[in-house]
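Below: one structure, written as structure tokens.
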Amino acid sequence: MVTTTYQVQGMTCGHCVSAVSAEVGAIPGVRDVRVELASGQVTVDSETPLDVTSVRAAVDEAGYELVDA
């Protein structure tokens, strides 16, 4: 299991958390998604390391922005 934390910009409410969780959770291999609204951190547990392009696309689809590390 691989755990990775991403920074997401633009989330302001519970709906934001649900949208990001659903989109990132749909990426193949993702087992769990935890979103901390206050900090904008999204922690993802996956079977293998995720391609950041896939994560960025999922976050964009939810309507938010993945902040570059």
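The values are calculated or read from the model by the stated rules, or taken from the named source; none is laboratory data. What you see is a predicted model, and the numbers here were worked out from it, not measured in a lab. Cβ atoms come from the backbone with ideal geometry, glycine included; neighbour counts cover every protein chain shown.
Condition check ((1) among the aliphatic types (A, V, I, L, M); (2) on the phi > 0 side of the Ramachandran plot; (3) outside any helix (DSSP H, G or I)) across all residues:
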| residue | (1), (2), (3) |
| --- | --- |
| THR5 | no, no, yes |
| THR12 | no, no, yes |
| SER21 | no, no, no |
| VAL24 | yes, no, no |
| PRO28 | no, no, yes |
| ALA38 | yes, no, yes |
| ALA58 | yes, no, no |
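Among what's in region 17-39 and is surrounded by fewer than 17 Cβ atoms within 10 Å (Cβ to Cβ) and within 12 Å of GLN7 (Cβ to Cβ), pick the residue that is nearest to the chain's Cα centre (by Cα).
GLU36
Could you give every pair whose Cβ atoms fall below 6 Å, whose first residue belongs to region 20-32 and is over 11 Å from VAL59 (Cα atoms), and whose second residue is among the acidic types (Asp, Glu) and part of a strand (DSSP E or B), counting only separations of at least 6 or pairs across chains?
Matching pairs, first to second residue: ARG31/ASP45; ASP32/ASP45.
Give the number of residues within region 6-21 that are among the polar types (S, T, N, Q) and in contact with an Asp or Glu (Cβ under 9 Å, 6 or more places away or on another chain). Break it down stepwise before answering.
Our first condition is that a residue be among the polar types (S, T, N, Q); within region 6-21, this holds for 7, 9, 12, 18, 21.
Going one step further and asking which of them are in contact with an Asp or Glu (Cβ under 9 Å, 6 or more places away or on another chain), we end up with 7, 9.
Residues flagged as among the polar types (S, T, N, Q) and in contact with an Asp or Glu (Cβ under 9 Å, 6 or more places away or on another chain) within region 6-21 amount to 2.
Suppose we filter region 40-56 for residues that are at positive phi and not small (Gly, Ala, Ser); how many remain?
Counting residues in region 40-56 that are at positive phi and not small (Gly, Ala, Ser) gives 0.
Quickly run through region 40-56 and pick out the residues that are under 15 Å from THR5 (Cβ atoms), among the polar types (S, T, N, Q) and either within 10 Å of the chain's Cα centre (by Cα) or part of a loop (DSSP other than H, G, I, E, B) (or both).
Going residue by residue through region 40-56, those that are under 15 Å from THR5 (Cβ atoms) are 40-46, 49-50, 52, 55-56.
Still in the running and among the polar types (S, T, N, Q): 41, 43, 46.
If the condition is that a residue be under 15 Å from THR5 (Cβ atoms), among the polar types (S, T, N, Q) and either within 10 Å of the chain's Cα centre (by Cα) or part of a loop (DSSP other than H, G, I, E, B) (or both), then GLN41, THR43 are the ones that fit.
Just checking, which of VAL2, VAL52 is exposed (fewer than 14 other Cβ atoms within 10 Å of the Cβ) and touching a Pro at 6+ places or on another chain (Cβ under 6 Å)?
On the way: VAL52 fails: touching a Pro at 6+ places or on another chain (Cβ under 6 Å).
Every option except VAL2 fails the conditions.
If ASP68 satisfies every condition in (1) at pLDDT 95 or above; (2) loosely packed, with under 13 Cβ neighbours inside 10 Å but one, which is the exception?
Unmet condition: (1).
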